[in-house]
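Taking it in order: structure first as structure tokens, then the write-up.
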Amino acid sequence: MATIALNADYGYTVAVSVASTLLVTILGFKVGSYRKEAGVPLPAMYADEVEAKKDKKKMIFNCKQRVHQNTLEGFTSFMVSLMIAGARYPVAAPVLGLIWCAGRMAYSFGYTSGDPNKRMYGAFGHIGDLGLLGLNAKMAFDMITA
């Protein structure tokens, strides 16, 4: 039987996983609360494009919805990479995870400002994604060549 021993510092990784889950949840709540204000009834995922061009609230709703959806699209791979990398790199992985979270927040603030092009303010968050991917690749290489 194999055993996995985790350093006490792995708690930082777990803490960032909790923080990132809260972030995704908050983004979802923002969509739900703004849906009513923008007048976009369920089950519609987005306001109609023509309506969104006429009504700024509907356009911002669409942006909030897209931020949440885009974040969810990469959340699973982020979380798996974070948890795996944290097992060997219990300080570097959560730092990269926090960079990802900060990037997602900047992306959200920029995208929902009324100018969707400002979403690029959060592009630095990819440092977190790519860093975690690099740590996972290094772990795989080290395990395979050991």
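No lab work stands behind these numbers, since they all come straight from the coordinates. All values reported here derive from a predicted model rather than from experimental measurement. No Cβ is skipped: glycine too gets one built from the backbone with ideal geometry, and neighbour counts run over all protein chains shown.
The table for this structure:
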read-out: Percentage relative contact order, the chain, counting C-alpha pairs under 8 Å, at least six apart; value: 25
read-out: Rg followed by Dmax, in Å, when segment 10-145 is reduced to its Cα trace; value: 17.1, 59
read-out: Spatial extent of segment 66-120: Rg and Dmax, with the Cα atoms as the point set, Å; value: 12.9, 41
read-out: Residues whose placed amide H lies under 5 Å from that of Asn7, excluding near-sequence neighbours; value: none
read-out: Normalised alpha carbon radius of gyration of segment 90-140 [divisor 2.2 N^0.38 Å]; value: 1.29
read-out: Lys, Arg +1 and Asp, Glu -1 on Cβ, resulting dipole of segment 10-145 about Cα centre, debye, nearest 20; value: 360
read-out: Estimated inter-spin distance, Asn7 and Thr76, nm [label 7 Å along Cα→Cβ]; value: 3.0
